[in-house]
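Everything below concerns the one structure shown next.
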Amino acid sequence: MAASYRVNRVRQLLLREFSGIIGRLKDPRIGMVNLVDVEVSKDLRYAKLFVSVIGSEEEKKETLAALQKAEGF
């Protein structure tokens, strides 16, 4: 029970932090991005971010490419 509570709490914190980071990115290729969810491993070593991108197919591809390029940030 305590482990799942901690994972959930870390997931919420990561979601908040990632939304702030994406909001500060200055890349003009990044369009309308909504953070949907963050999946965190039980040992808290890995996190997978799920996003929703609004726009045409070309805009979606450009936005995802820009987000992948900004991965290290």
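The values are calculated or read from the model by the stated rules, or taken from the named source; none is laboratory data. It should be emphasised that the depicted structure is a prediction, and the values quoted were computed from it without experimental measurement. Using ideal geometry, Cβ is built from the backbone for each residue, glycine included, and neighbour counts are taken over all protein chains shown. SASA here: full protein model, heavy atoms, side chains in, ligands and nucleic acids out. Shrake-Rupley method; radii C 1.70, N 1.55, O 1.52, S 1.80 Å.
Here are the numbers for this structure:
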item	result
For A65: the one exception among (1) in contact with a strand residue (DSSP E or B) (Cβ under 7 Å, 6 or more places away or on another chain); (2) aliphatic (A, V, I, L, M); (3) open to solvent by less than 60 Å² (accessible area, probe 1.4 Å); (4) assigned to a helix (DSSP H, G or I)	(1)
Number of the condition not met by E59 [criteria: (1) in contact with a strand residue (DSSP E or B) (Cβ under 9 Å, 6 or more places away or on another chain); (2) open to solvent by less than 60 Å² (accessible area, probe 1.4 Å)]	(2)
I30 open to solvent by less than 80 Å² (accessible area, probe 1.4 Å) and out of contact with any Lys or Arg (no Cβ under 7 Å at 6 or more places or on another chain)	yes
Within the range 11-34, tally of residues that are in a loop (DSSP other than H, G, I, E, B), touching a residue at least 12 places away in the same chain (Cβ under 8 Å) and among the basic types (K, R)	1
Verdict on K48 being open to solvent by 70 Å² or more (accessible area, probe 1.4 Å), under 27 Å from R6 (Cα atoms), part of a strand (DSSP E or B) and among the charged types (D, E, K, R)	yes
Pair list, Cβ < 7 Å and 6+ apart or interchain, from the range 60-73 residues that are farther than 17 Å from M32 by Cα to residues that are of a type outside the set (D, E) and open to solvent by less than 100 Å² (accessible area, probe 1.4 Å)	F73/I21
